[in-house]
Every structure is written in C-alpha cells, then in structure tokens.
Amino acid sequence: MNAIDTLIPHIGVVTDIRQDTPDVKTFRVNAIQPDGTASGKVFEHMPGQCAMLSIPGVGEGMFSITSSPTNNEFMEFSIKKCGCLTSWLHAMEVGQQITIRGPYGNNFPVETELKGKDLLFIAGGIGLAPLRSVINYVRDNRENYGDVQIIYGSRSKDDLVDYQEIINEWEADPNIQVNLTIDREQEGWDGHVGFVPNYVKELNPSLSKTVLICGPPIMIKFTLAGLKELGFTETQVYTTMELRMKCAVGKCGRCNIGDKYVCKDGPVFRFDQLDELPDEY
Amino acid sequence: MLKISVEKIDELFKAIAEKQTLYIPTDREDGASEYKKYEDGMKLSGNLNTLRSAKDFFFPQTENLADFKMEGKKIEVIDIREEAEDFVVFGVRACDARSFTILDKVFLSDPVDSYYKNRRDHGTIVTMACTKPAETCFCQTFGIDPTEPEGDVACWSDGESIFFKANTEKGQAFVDSVSGLLEDGDTTKLDETKAKTKEIMGKLPLANLSTEAFGGDKLMEHFKSEKWAELSESCLGCGTCTFVCPTCQCYDIKDFNTGNGIKRFRCWDSCMYSDFTKMAHGNIRNSQLERFRQRFMHKLVYFPSNNNGEFGCVGCGRCMSKCPISMNIVKVMKALEVK
C-alpha cells in the first residue's frame, strides 16, 4: 500500500491569532517538530496555492495560503467567518492544533508569465487574502518585476484586511503604489471613498500592467468590464476562484466546471481561459 | 481453451472460496440479481445484469479514511489503512468491466487514491461474456463487445461449459490456482453462442445509438443547448442514476464523532443533489437544470475532453431501468444530437 495518501492530513498548531476585521481573523500556523515544539512551515507552497484545513469532527475546507512562500517562519491564513467550519476556526485559541494538507492547485505564474511585468493588484474585502501571498513574494523578489500598484477596497476602514501591514509596510515602500478605498464615508477616514470598479477607472492604470484580481464576484465582474473599457484584454488579467471542495485533487467531482477542476487546474485562471468554461462560478 | 463443466461450477466456487472471499451474482426474491459473498450451496444467478455494479467492491458506498483523537488542544491522526484481503468478483459483465478503465483514470491518476488502489491490487475481476443482452443495453455504443469482456479473467459459457482466459498476471494466477478443476475444451459451440449474442445485439432498440455528436470539442455547444430545460424538468434529484451507475465516482468526505474519537469517512455523493456545490456564501448550481446538466455533460463531454475521447458511460442501462421518472442518458443523447 502507498505509504502516504494526500487525504490523510498533517497536524499544524495555531501560534498566533490576529483579529483583522470584525469577521476576519488571520491565523498563524506552524509545524510541530519531532521534539514537540512549534516552528517552521508544514509544507512549502507557491503564491496562490491553497491548503485544506480542518478541525476533525467539524469539517474540512480549502483556504488560500495568505503568507508568502518567502516567509520561512510560518504559514498564515486570513479567514472570514461565514459558515460552520469558519465559525469554529474563529473560536480557536492560540495553541490549538488543526489538521492541514496541501499545497493544492496551481499558482499565480510569478516565475513565468508575470516575471518582468508591471503588476496591478486589485482586491476587494477578504479577496486580499490570496493576493497578499503574491504581493509579499513580489516585494521579496522586487528586482524581478516592474511597477507594482495595489488597489484595495472594502466596505469600511474596519473591514480592510491586514490594515497594519498595508500602512506600515506596503504604503511605506517607495517602490509600491497603494490606493485604498472604502464604500462609504466614515469618520477617521480621509482616503478615497467609492467602489473598487469605479476607483480603478478613475485611476486609469497603464495598459502595460498585468492585473491580478480577487474579491466578491460582483466586484470582479464590474472591475473586469471597467478594465476592458480602459483597453485591457482578458489575456492580461488573472483571478483566483473558490468553490466547494472535498478531496482537493480532482477526484471527488465537487469543483468540476467544464473540463476543469478548480482544485487542481485552478484556482488561478486567466480570464481568456475562463471564457472557454461554462459560466458556473 | 480451459473449461469447466457447468455442473461442476459449485466445486469451482468452493475451491476459490477456500482461498479468498468470493462474490457471485445471486437471485433475489424479487427477481433481480445482486452480488453476495459466496457460501456453500449458493447458486450463480442466470441474470448477470446485477442491480448494483461491481464498483461497490473497489469504491464502497462508505469507507473510513482516518481516525482522530482529540485531547484538549491536541489532535492525533490515526492512519487506519491496512492491506486489503484478496478477493474475487465473479460474473462481471463486459460493460461493468470497462467501468474500471474509467474509474482507474480517476483514482489511479496522480496523486493515487491508496484506498481504491489497495482494493484494485487485491481484487480479481472475473468477467462473464454476455448471452442475454437486455433492451436497455447499449454498451456497443461505447465500443464494448459484450461477447469479449475485459477483466483479469474472461469467461464464456456455451450452456454446457464455462471457458476461461486469463488477461492479466493476476488473472493467470487465478486460473493456475483452480487449474486442477479445469480441462481443455472445444470452443465450436461457444463460437455459435457468441454469434447468437451478436445477432441479438444488432436487433436491440438502442443498437444504433451514436456518440458522434459528443466529445470534448462540443463543450459550449451542448452546455448552451436549450434542451436542458425540458430534459431536466421532471428530474426529482433523487440520485438513483448516480448510485446505480458503475462509473459515477463523486464523493463526499465527512466526520463522525463516535463519542470516543472522530472517524473521517467518505461516501458516495451525487452532483444531482442540491447541496453538492453549496458553500457558506452560495451555490453555483442552484437549479435542478444546472445539476442535471452537470451529470450528463460530465459523462459525454467533460470526461472525454480530459481522457482522449473516452466517454464516462459504459451503456449498462441501469439508469434507464431504475430512474423513477424514466429519464436517462439515452434520452439526453438523442435530444442533444438533433441540432
């Protein structure tokens, strides 16, 4: 019999929990070393790849790995509380062990198609989670990429995920342009107010940029339409998808769309690739 | 060719069952046939069109994947897998035998599903050539010759004798293990039986069903067809077609708290069910039309697209005879092939 099976998970331990927004927490996960201490990563990954996290007895779910592969100390997952499993995850305390398996899926092509390109990241709400891995990977390999611009929006200032990292590190980085926006006026906010799709059009980004976009489906839809109006083509826009998954390796059938399985052929797709698939996502 | 007289079949079964678990199709009171673990005196059914397919022996309806012990904040993963025992499934039809080619493509592709592989490694499939094709049969549509079944060992009956031919190493080992009971036999009458079966095949109502209109290159054309609405209208979403299908392999993974630890198990699931794709934030297939379309598109378009044109159906006809509202893949194919 095969010594290993991907369905049998590893154990990770939650070593830090950060309340990012009222409904998003970022969990730091470490591997358990042979001597019982918690350190390092459970496995290596590439930006955009995912992992199956589980609390046995509750359920298992696919989550994008928020931390960059260049981070060798730990893995991070930004998770929005929206269902049964995520509510249990949100109730965890530091020191809690979870099961983890992966990495699954493809990744943003940071070492191929995106290399040397000007990059524009567009995120809405929790949609920043998968892009944060790419952004920090690009920052740590800055010489391999051209201009980097991040347009990020959420409902309110309190709903911006990773806000401290954004203002302390990304905005402070002279090599990155960061444009934040929130949906409605709010006390203590002197930044831009308005929806992401409109803000993108206002900012009128250079057509030289390759776009990586993630957020609520409605935001992606209108942003993509706006980008096309500006002259962008679908071949220069990437996104990452989220569907229900069980096996994570293209066998259980759950995330099958057309002849693709989002868990193994995705989650990262270029929009011209999505055009060839039924509109079921 | 090596053969055994039909009268001696009980001796053969006994000899096999002494060494490993043997499953044979047996008659049920309601007239259907189903696989049962062989016990002394059990009779082989004359009806090999079993209610459920041989899929169950390799991909059971439920199976335990792993156990977990939870203690405070700690979790212990217990690998419960153990080497399967050797077993024989006797009397598998050619259509069901082909279903393993399809299931293998799913479960044995990288990363290999060790649970399925374990049973494949230890199970010997002994097929039996068809002599009584039913009106619901259309295996020939998918290039299957029911008189020349695949499997580790292929068998043929001419009414008087059962002939054996090993197709694989495992099959040869099986034949060798019972060779004391076998003798050389003349296949003249067998050739007549095969010819007779082929004659029936040619006259079946679905003999001319074609796959020409299907395949990976027809993806959007069929997906966008307006016929799905009418086809799916009466579908109850009961999932019977999925469960009797020898090639359906979608599954769910769930945890069960035994009170003394957690059991993680997988069980058959159906893309026809409303919660199959349901997530906390919504469902990508909200209507039965979408779910109905997914099942048939997968068999006729998506699967061939990923598997060099091989369809995800073997024409066994179970879904035709079991669907409570008489909808089935044949009706779908016939509707979609008309432009």
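The numbers here are math on the coordinates, done by the rules we state, and not lab data. These numbers come from a predicted model, not from an experiment. Positions of Cβ are generated from backbone atoms using ideal geometry, with glycine treated the same way; all protein chains shown enter the neighbour counts.
In segment B:91-192, a dipole from Cβ-located charges (positive for Lys and Arg, negative for Asp and Glu) runs towards its positive end, and of B:Thr101, B:Ser161, B:Thr188 it is B:Thr101 whose Cα lies farthest in that direction. Quick check for me: using +1 on Lys/Arg Cβ and -1 on Asp/Glu Cβ, what's the dipole size of segment B:2-203 about its Cα centre, in debye to the nearest 20? Value, rounded to 20: 560 debye. Here is the tail figure for segment B:216-337: Cα pairs spaced more than 22 Å apart come to 39 percent of all pairs. About its Cα centre, the protein assembly as shown has a charge dipole of approximately 1120 debye under the convention of +1 per Lys or Arg Cβ and -1 per Asp or Glu Cβ, with nothing else charged. On full extension, the segment bounded by A:Cys82 and A:Gln273 gains 65.9 nm, given 0.36 nm per residue less the C-alpha separation. For segment A:10-103, the Cα gyration tensor yields ellipsoid semi-axes of 19, 15, 13 Å (square root of five times each eigenvalue, largest first, whole Å). Near the amide H of B:Ser33, within less than 5 Å, lie the amide hydrogens of B:Arg28, B:Leu51, all on another chain or at least 5 residues away, with H placed in the peptide plane.
Please figure out what share of the DSSP beta bridges in the protein assembly as shown is antiparallel and state it in percent, rounded to the nearest 5.
65
Lacking any other cysteine beta-carbon closer than 4.7 Å, the following Cys residues of chain B have no compatible partner: B:Cys130, B:Cys137, B:Cys155, B:Cys235, B:Cys238, B:Cys250, B:Cys267, B:Cys271, B:Cys313, B:Cys323. For chain A, a simple Cβ point-charge model (Lys and Arg +1, Asp and Glu -1, everything else neutral) yields a dipole of about 640 debye relative to the Cα centre.
Assuming R0 = 56 Å, what is the FRET efficiency of A:Thr235 and B:Met70, from their Cβ-Cβ distance, to the nearest 0.05? The value I calculate is 0.70.
The distance from the alpha carbon centre of segment A:1-58 to that of segment B:306-322 is 40 Å, rounded to a whole number.
Extension gain for the segment B:Ser179 to B:Lys19, taken as residue separation times 0.36 nm less the Cα-Cα distance, is 56.2 nm to one decimal.
Restricting to segment A:139-281, compute how many DSSP beta bridges are antiparallel as a %, nearest 5. Show your work: numbers first, answer last.
Working: 5 of 17 bridges.
Counting only bridges with both partners in segment A:139-281, antiparallel ones make up about 30 percent.
Positive-end ranking of B:Tyr115, A:Gly105, A:Gly253 along the dipole of the protein assembly as shown, with charges on Cβ about the Cα centre, is headed by A:Gly253. Going Cα to Cα from A:Lys25, which aspartates and glutamates come in below 13 Å? Please leave out same-chain ones fewer than 8 positions away. Cross-link targets: A:Asp16, A:Glu76, A:Glu93, A:Asp158, A:Asp159, A:Asp162.
With each label modelled as a point 7 angstrom along the Cα→C-beta vector, the B:Glu337-B:Asn167 pair spans 2.5 nm.
Label-to-label distance for A:Asn168 and A:Thr112 is 3.6 nm, based on points extended 7 Å past Cα in the beta-carbon direction. Take the cross-link list A:Lys80/A:Lys221; B:Lys218/B:Lys254; B:Lys3/B:Lys43; A:Lys228/B:Lys299; B:Lys14/B:Lys170 and give me the ones stretching past 25 Å between alpha-carbons. Flagged as over cut-off: B:Lys218/B:Lys254; A:Lys228/B:Lys299. Among the cysteines of chain A, those whose beta-carbon sits 4.7 Å or more from every other cysteine beta-carbon are A:Cys50, A:Cys82, A:Cys84, A:Cys214, A:Cys255, A:Cys263. Under the classification rounded if a/c is under 1.5, otherwise prolate if a/b is larger than b/c and oblate if not, where does segment B:125-267 fall, given a ≥ b ≥ c as square roots of the Cα gyration tensor eigenvalues? Oblate, since a/c reaches 1.5 and b/c is not below a/b.
Hey, quick one: spin label on A:Ala91, modelled 7 Å out along Cα-Cβ, who in segment A:1-42 has an amide N within reach, i.e. under 16 Å? Counting only backbone N, you get no residues. If you take the Cα centroid of segment A:78-148 and the Cα centroid of segment B:49-109, the two points sit 35 Å apart. Listed by Cβ neighbour count within 10 Å, with the fewest neighbours leading, B:Val106, A:Val200 appear as B:Val106, A:Val200. Whole-Hz Karplus values for segment B:253-268 come out as 10, 9, 10, 10, 8, 7, x, 9, x, 10, 9, 9, 10, 10, 9, 4 Hz, taken residue by residue from phi with 6.51 cos²θ - 1.76 cosθ + 1.60 and θ = phi - 60°; glycine and proline positions read x. Summing +1 for each Lys or Arg and -1 for each Asp or Glu among the other residues whose beta-carbon sits under 10 angstrom from that of A:Ser206 gives -1. Backbone amide hydrogens, once placed in the peptide plane, bring A:Met245 within less than 5 Å of A:Met62, excluding anything fewer than 5 places away on its chain.
Its residue count N sets the reference 2.2 N^0.38 Å, and the alpha-carbon radius of gyration of the protein assembly as shown equals 1.12 times that reference. Under the combined filter of DSSP loop state and at most 16 neighbouring Cβ atoms within 10 Å, segment B:14-76 retains these GluC sites (Glu not before Pro): B:Glu29, B:Glu39. Applying 1/(1 + (r/R0)^6) with R0 = 56 Å to the Cβ-Cβ distance of A:Arg18 and B:Leu236 gives a FRET efficiency near 0.75.
Take the Cα of B:Thr187, go 7 Å toward its beta carbon, and the backbone nitrogen atoms of segment B:75-102 under 17 Å from that spot belong to B:94. Of all beta bridges that DSSP places with both ends in chain A, some 60 percent have antiparallel geometry.
Largest mean-square fluctuation among A:Gln33, A:Gln177, A:Gln19, in a Gaussian network model of chain A whose springs join Cα atoms under 10 Å apart, belongs to A:Gln33. Taking the charge dipole of segment B:2-203 about its Cα centre, with +1 at Lys and Arg Cβ atoms and -1 at Asp and Glu Cβ atoms, the residue from B:Cys137, B:Ser179, B:Tyr35 reaching farthest to the positive side is B:Cys137.
For chain B, the gyration tensor built on C-alpha atoms gives an oblate shape. Its axis ratio a/c (a ≥ b ≥ c) is at least 1.5, and a/b is not larger than b/c.
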